[in-house]
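Just so it is clear, none of the values below were taken in a lab; they were calculated from the coordinates. From a predicted model like this one, the values you see are computed outputs, not experimental measurements. Note: ideal-geometry Cβ built from the backbone for every residue, glycine included; neighbour counts use all protein chains shown.
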Amino acid sequence: MRNIPLGVYVNADSPIHRMPALWKFFLLIVFIIGTAIVVRTPLWALACVVAVLAATAVAHIPPRTAWDQWWPVLPLLLFLGAFQSWQRGLPFAATTVLVLLASVMAATLLTLTTRLEALMDAVEKALGPFARFGLPVESITLAISLTIRLIPLMLSTVMEVLDARKARGAGFSVVAFGTPVIIRSIRRARNIGDALLARGAGD
């Protein structure tokens, strides 16, 4: 699970860990929106990446753990960079890729330094004022919480199926690979649904 995005929390005593989850969530949103609007050159985009790297070091995140969270998105960013370089030139492509990489790194820093319970409390507090307008805050928070929990579980299921097929020496087949993944996913969804119904969720 330590190699799966959103699948690990690093327990450490750092200023970033001690910062309230609501503030970290707010700063993440400001960082993502701000870099997307303000940064226009590769140098400034690289500075954003370096800033997140410095924050990661301050948070005492092991380099291997941080890298395990970042590398899955790199192939997609490289593909996007190649396409943008072809369409709009290398400087624009480099800026776009580095800004997106900095945003991904900042988001993973939030999950690495914040327990899921604290993060969900922060989301609920942020949405709390909208409850008076009929917004189902508890349902939204529950949906986000389940999504965050299920992403690493889903990826773990995919890896287990791939490892099992590799151990049996079986070749790759979309049907043979997809069937056990879908069955396990449906079974997990039913179990979660039954547990939620037993606890009165949605009443």
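Structural remarks
- Where the Cα pairs of the stretch 101-149 fall when distances are cut into 5 Å bins, in %: 4, 20, 24, 22, 16, 9, 4, 0
- For residue 13 and residue 33, the FRET efficiency from 1/(1 + (r/R0)^6), where r spans their Cβ atoms and R0 equals 25 Å, is about 0.25.
- Ellipsoid semi-axes in whole angstrom, largest first, where each is sqrt(5λ) of the Cα gyration tensor of the stretch 33-163: 29, 21, 17
- For the stretch 4-136, size of Cβ-based charge dipole, Lys and Arg +1, Asp and Glu -1, in debye: 260 debye
- Projecting the Cα atoms of 29, 84, 17 onto the charge dipole of the stretch 1-88, computed from C-beta unit charges around the Cα centre, puts 84 farthest toward the positive end.
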